[in-house]
Structure formats: structure tokens, C-alpha cells
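Take a look at the structure below.
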Amino acid sequence: MPNVYSRALKAHDDNNNEGIRLQKILAQAGFGSRRKCEQMITDGRVEVDGELVTELGTRVDPKKQHIRVDGSRVHLNPNHVTLALNKPKKVLSAMDDPKGRYTLADIIGDKYERVFHMGRLDYDSEGLILMTNDGELSQHVMHPKYEVEKTYIATIDGKIGGNVCRRLVTQGVQLDDGLVKLDHCAIIDANRDQTIVKVVLHSGKNRIVRRIFGAIGYPVRRLVRTQIGPIKLGDLKSGTYRVLSQVEVRSLQKEVGL
């Protein structure tokens, strides 16, 4: 049976066609097909302004009203954009540089207004950087409270064994700014001269992977970040970017508690 809030909204709809149908908003936000979103509403999984809504056809204003699915906030701002960019070496993780070096802005151009990067990669490192003009999302992704998991592929000078990886996970390494442990470390390939390692960690400290391996005597020759939280670099070409889908943005928001 529809609750009071649903009936009130339905009565309002009979006299006013303003707003967007709730199932359409959910579909645009990446929750699935229109039919699937209708089922979510009738199943009692959707709230508007803190009240359960089960009436199909309910219209809401996503700019003024708060929508939640299974307790998680639904974000839908047509002016917001989130990008995945594959940073090459010798590109500065900044939007401008007084020294005239190549920056992220040189890759994305001026198509999007007020887009900025969520975190950095050092000048000689490569791989995934996320960019957005959604200030709330950026604050959560970069906040130490959430410490989003990041994955790297590191090419290291010298041959290391599995015991080194295990020690970095179980015991960690003491750096100038504290003890750091890896969440995961696996050797992908190794020969007499170098080792390729997959590294996963939460820390967002500056040059953290290079400092970890450098501290135990294995300088990093090449470093590529391949994943941030649920977002993967995939086959994105170096020096290019793509717009994240609503499903990807929603998964990132969920990762950081939005």
C-alpha cells in the first residue's frame, strides 16, 4: 500500500507535471533499465528526502531533493563529469605549470569547465588519474579517511623473491613518515636484471611505491597505476582520457561513502 509521502507526491503530480519521474532518474544514474528501476521502487528500496517511495510515476526534482537507493545517495548533476586519464611519463599532475611543462590540461583541453585531478602521479610515473568537477566526490576520494585502494605495476631493478613481497605485506617498511605495509604484492615476471611486481595499497602518500622499494634497496625503474578503487585503466591509450559511465561513477561514490 503506498505510504503517505507517495500519495502526496502523486496528488501533486495530478496538478503539476514538473519534475522527473523517479524511475527515469534512477535509470540515468546507472541503476539499470527503466523496468528494473520501477521494480526497485515497488520493492521499497528507494527513499526521497528520507521517506520511502513505492508509487510508480512519482516525480521529483534531483537538484532539490535527496534520493537514496538502499541507503546510498543518488547523485545526478548534468554538469558533473568524471574522467579517467592515462598519464604518460614527463607529464605534470597539474592543470598548469609556470615552467611550461606538459600538464593534464594539455591532454583534456578546454572541453570541460573546472575539472581538476583527484590525486597525483609523480612526473616519471604513468597510468590512471581520475579527474572531476564534482567537488564532493573529489573531497571523498582524496580524504585520508577513505584511502581508496590503488593498484600499480612496478618494474624494479634487480631480482626479488616472494619472501620480499610477503615481508612488505606482513611487516611493511619504515619510512621517514611512518610504517607502511602493502595490501598485496605479487611477482608477475622476473629475470636476473629486473622484477615486475603487482602492488596494491591504500596509502596515498607522495611517491609511496618508489619510496617503499627504494628503502629496501630495489629502485623502481618504471611505475604504472592501473586501478583506483573500482575504476580500471583497461586499454585506455597513453595520453588519452575517457568519460566514466554513470555506473562507474556510482561505484566510485559507493567506495567513498557517498
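The values are calculated or read from the model by the stated rules, or taken from the named source; none is laboratory data. These numbers were taken from a predicted model, which means no experiment stands behind them. Note: ideal-geometry Cβ built from the backbone for every residue, glycine included; neighbour counts use all protein chains shown. Quick note on the areas: whole protein, heavy atoms, side chains included, nothing else; ligands and nucleic acids left out. Shrake-Rupley method; radii C 1.70, N 1.55, O 1.52, S 1.80 Å.
For a quick check of your reading of the model, give me the residue pairs whose first member lies in the stretch 173-199 and is at positive phi, whose second is surrounded by fewer than 16 Cβ atoms within 10 Å (Cβ to Cβ) and basic (Lys, Arg), with beta-carbon atoms closer than 9 Å and at least 6 apart or on different chains. From residues that are at positive phi, the pairs are Gly178/Lys205. Determine whether Ile129 is β-branched (Val, Ile, Thr) and more than 14 Å from the chain's Cα centre (by Cα). Criteria not met by Ile129.
Looking at the stretch 96-123 only, could you name the residues that are more than 17 Å from Ile228 (Cβ to Cβ) and open to solvent by 60 Å² or more (accessible area, probe 1.4 Å)? Hits for the stretch 96-123 are Asp96, Pro98, Lys99, Gly100, Arg101, Tyr102, Asp106, Asp110, Lys111, Glu113, Arg114, Tyr123. Checked against the criteria, Val224 counts as under 21 Å from Met131 (Cβ atoms), in contact with an Asp or Glu (Cβ under 6 Å, 6 or more places away or on another chain) and at pLDDT 95 or above.
Evaluate the following for Val197: is it of a type in the set (A, V, I, L, M) and surrounded by 15 or more Cβ atoms within 10 Å (Cβ to Cβ)? So Val197 passes the test.
Can Val141 be described as farther than 24 Å from Ala186 by Cβ, open to solvent by less than 30 Å² (accessible area, probe 1.4 Å), among the aliphatic types (A, V, I, L, M) and under 17 Å from the mean Cα position of the chain (by Cα)? Considered against the rule, which asks whether it is farther than 24 Å from Ala186 by Cβ, open to solvent by less than 30 Å² (accessible area, probe 1.4 Å), among the aliphatic types (A, V, I, L, M) and under 17 Å from the mean Cα position of the chain (by Cα), Val141 comes out as yes.
Cβ-Cβ distances below 8 Å connect the following pairs, each with a first residue in the stretch 125-147 that is without any contact (Cβ under 8 Å) to a residue 24 or more places away in the chain, a second residue that is among the β-branched types (Val, Ile, Thr), and a separation of six or more residues or different chains: Ser138/Thr132.
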